[in-house]
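Since the structure comes first, as structure tokens, the remarks are kept for the end.
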Amino acid sequence: MRDHLFHLSADPLPFRKLNYTIPGHDRCTLYEADDYIVGQLQNCGYEVKQEGVVVQAFRTDRSRPMPHQFSHPEREDPSYTAYNLYARMTGTRLPAEYLVVIAHKDSQSWTDSPGAYDNASDTAAVLEMARALSSYESKRSIWF
């Protein structure tokens, strides 16, 4: 789990944002995080589906205290496509019933924050649960 956390919030990804690309890279850091997450889930044997959602990044409002410096985007601000990632294990006896294990994977768009607490730690935990459960036969379906 520590390796996942380090990868997603320190090296090589200082943060996970749609509006930041590491110099010399051709993809934003959130897409690089997506690649890592998809690869980890596929290594556990899961088929991963991606659902694109059009979003805008929050703006920075430095007149507010540090934890609250976000402000809503303006209509003319650029739009980005963020991807929800899904992996599913089908249940053996009750496949129509689901346990859902989720976390958001982006860090704050309005400041350059590594986002270990928000929310790489939960993303790392979901990846570890998916790995640990990959050989488990669950009665119910599990979505990661």
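Bear in mind these aren't lab numbers, they're just calculated from the coordinates by the rules spelled out. Keep in mind it's a predicted model, so treat the numbers as computed, not measured. All Cβ positions, glycine included, derive from the backbone under ideal geometry; neighbour counts span all protein chains shown.
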**OP:** Please compute the net charge surrounding Tyr20, taking Lys and Arg as +1 and Asp and Glu as -1 over other residues with Cβ under 12 Å from its Cβ.
**Re:** 0
Subject >> Cα centre as origin, Lys/Arg/Asp/Glu Cβ charges: the stretch 2-143 dipole, Debye >> reply: 380 debye
**OP:** Go from 0 up to the bin containing the longest alpha carbon distance in the stretch 1-64, width 5 Å each, and give me the % of pairs per bin.
**Re:** 4, 14, 21, 21, 20, 12, 5, 2, 1, 0
Subject >> Debye intensity ratio in log₁₀ form over the Cα atoms of the stretch 2-143, taken at each q of 0.11, 0.13 Å⁻¹ >> reply: -0.47, -0.63
Subject >> Cα-based reach from Lys49 at 17 Å (exclusive), listing lysines while leaving out same-chain residues under 8 positions away >> reply: Lys105
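Taking R0 as 22 Å, what's the FRET efficiency between Ser134 and Asn84 from their Cβ-Cβ distance, rounded to 0.05? Could the numbers behind the result be given before it?
Numbers: r = 20 Å, r/R0 = 0.93.
In this case the efficiency is close to 0.60.
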**OP:** Using Cα centres only, tell me the gap between the stretch 111-133 and the stretch 21-65 in whole Å.
**Re:** 12 Å
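What number, in percent, do you get for the relative contact order of the chain if the mean sequence gap of Cα pairs under 8 Å and at least 6 apart is divided by its residue count?
It comes to 31 percent, rounded to a whole number.
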Subject >> For the chain, calculated [θ]222 nm from helices alone, where every DSSP H run of n ≥ 4 adds -39500 (n - 2.57) >> reply: -8000 deg cm²/dmol
